[in-house]
Structures are given as structure tokens and as C-alpha cells.
Amino acid sequence: MKKIGVLGSGAVGKVLADGFLKHGYEVMLGSREPAKLGAWQAAAGGRGLAGTFADAARFGDVVVLAVKGTAAEEVVRLIGSDTLSGKTVIDATNPIADAPPVNGILRLFTSQDESLLERLQRLAPAARFVKAFSSVGNSLMVNPQLAGGPPTMFICGNDAAAKAEVKAILDQFGWGSEDMGGAEAARAIEPLCVLWCIPGFRENRWRHAFKLLE
Ligand SMILES: NC(=O)c1ccc[n+]([C@@H]2O[C@H](COP(=O)([O-])OP(=O)(O)OC[C@H]3O[C@@H](n4cnc5c(N)ncnc54)[C@H](OP(=O)(O)O)[C@@H]3O)[C@@H](O)[C@H]2O)c1
């Protein structure tokens, strides 16, 4: 079974780390302050470890990037692009700006012509980034039970083998997946987080997910 390094100790990092543990993987959760992950590690049992971002990146055969969007580039610089070379990196981040939402509409720090995933891919050219888990709230990321059946996760990235690996993980996690193409498709996928959050901010509805129908 592959080892998973999860970079990010927020809700997303912990939910995905727990999802990988549930499905039998070994997981290292990474933080700038690994000492604060004691309770998570105790609950995780023997297959759950804690470390720095760099420790978790080295540990993982597959790496999950789940840090604050504004810090994502800095975290990749900090761990060093070589550490990620050849690895599949599941990029769950969104380029959400620090400015508050206006009428429920979040602001992004990227433009329509450049995504955060593309910036990260440029920083670590030998890493195999795949956008995934970015267009749904963390409470629905692992085996969501929704009336409409399995929802759709939109994914993209430049490496076909890495996308196949992520598709297999999404299958395990109860998701259908739609491959939208190369890294630049993240320009369309990342803003879905803005759309997903509107019912939440306007009507406190947070339990929905996208599904592509044909
Ligand atoms: N919340 C959701 O439901 C959801 C859904 C889809 C996608 N996302 C995306 O997933 C990512 C994680 O979201 P989240 O809600 O779990 O938590 P978050 O608060 O956005 O991120 C927490 C993580 O970011 C790290 N971090 C924060 N500032 C940093 C800095 N200046 N330098 C280095 N690291 C820093 C924290 O490090 P420490 O561990 O050291 O504290 C922590 O690991 C975000 O990009 C978000 O847009 C979130």
C-alpha cells in the first residue's frame, strides 16, 4: 500500500489524512508545528505519523497539498522542489484571497488566465501535480452520502499516469472523476470553490457537491 504525505493540518488535511487511514494507507500529516498534531496522531493509531511539511513530503509516495492558498507557493519553496520530483501531488488548494467575501462571493488572488496549480507546477516542474478535492467542502471529501449518488470531482494535470492514480483514489473515496485536461484547466476548476460556497454564505447550506450529467 502506498504511503501518503499530507501537507496541511487544517480541516482538509485532517479529513483527507483520516480518509487515507480509513482506506488502509500509512499517512504522515505535516505542519509547521508538528507538536500540535499529538491528539490527531493518538487517534490515528500506528499508521498515522506527524512531521514537518518537508518530512511529510519525503514520506509520501503520493503527496497531498492542503495548505492555505496564499501560503502554497511558499510551502513548495520551503520543502524544495526536488523533494516532490516524480511524485504525484494532489493539489486541494484554492487561490482564495484574504479579503472577505462580498455578498457571498469569495475573491481569488489569481486571474482567469492563470491558476494556482500552474504556478505550483512551474515552481516544481518535476512534480506531477493533479488538481483534486478543491471543489467541495471538507465534510464531503471522503465517501460522501448524497441523495443524487456519487458526485463528480473535476481533476486536471499534465501527467496522465498521475491522473490515473488520483482517479483510483477518488474511486475509493466514493467520487466519480472528470479529467478536464492539462494544468491550465485549473483556471476553470479552482473558481468552482467560489460557486460551491455561495449557498453556504447566503443560506448556510454546505452539504452539496457538483455532478456532471450527460
Ligand atoms: N475548508 C474546506 O472545506 C476546503 C475545501 C476545498 C479546498 N480547500 C482548500 O484547502 C486548503 C486548506 O484549507 P483548510 O480549510 O484545511 O485550512 P487553511 O486554514 O486554509 O490551511 C491550513 C494549513 O495552511 C498552513 N498555513 C497557513 N498559513 C501558512 C503560512 N503562512 N506558511 C505556511 N503554511 C501556512 C497551516 O500550517 P500549520 O499546519 O503550520 O498551521 C495549515 O497546515 C486551502 O487552500 C483551501 O482553499 C478547503
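The values are calculated or read from the model by the stated rules, or taken from the named source; none is laboratory data. Note that the structure is a prediction, hence the values are computed from the model and not measured. Positions of Cβ are backbone-derived with ideal geometry, glycine not excepted, and every protein chain shown enters the neighbour counts. We work out accessible area using only protein heavy atoms, side chains counted, and drop any ligands, DNA or RNA first. Shrake-Rupley method; radii C 1.70, N 1.55, O 1.52, S 1.80 Å.
Any idea which of Arg47, Arg77 is of a type in the set (Lys, Arg) and away from the ligand (no atom under 12 Å from the Cβ)?
Just a single option satisfies the conditions, and that option is Arg47.
Within the stretch 107-115, is there a residue that is under 15 Å from the mean Cα position of the chain (by Cα) and in contact (Cβ under 8 Å) with a residue 12 or more places away in the chain?
yes
Could you grab me the full set of residues in the stretch 119-152 that are open to solvent by less than 50 Å² (accessible area, probe 1.4 Å), more than 15 Å from the ligand (Cβ to nearest atom) and in a helix (DSSP H, G or I)?
Listed by number, the list holds a single entry, Gln121.
What helices (runs of 4 or more DSSP H) completely inside the stretch 153-214 contain at least 2 residues that are more than 22 Å from Lys3 (Cα to Cα) and without any contact (Cβ under 8 Å) to a residue 40 or more places away in the chain?
The qualifying helices (runs of 4 or more DSSP H) are 192-203.
Out of the stretch 16-39, which residues are near the ligand (Cβ under 8 Å from one of its atoms) and either out of contact with any strand residue (DSSP E or B) (no Cβ under 9 Å at 6 or more places or on another chain) or at pLDDT below 95 (or both)?
Arg32, Glu33
So Leu7 fits all but one of (1) over 20 Å from Gln172 (Cα atoms); (2) open to solvent by 20 Å² or more (accessible area, probe 1.4 Å); what number is the exception?
The single condition Leu7 does not satisfy is (2).
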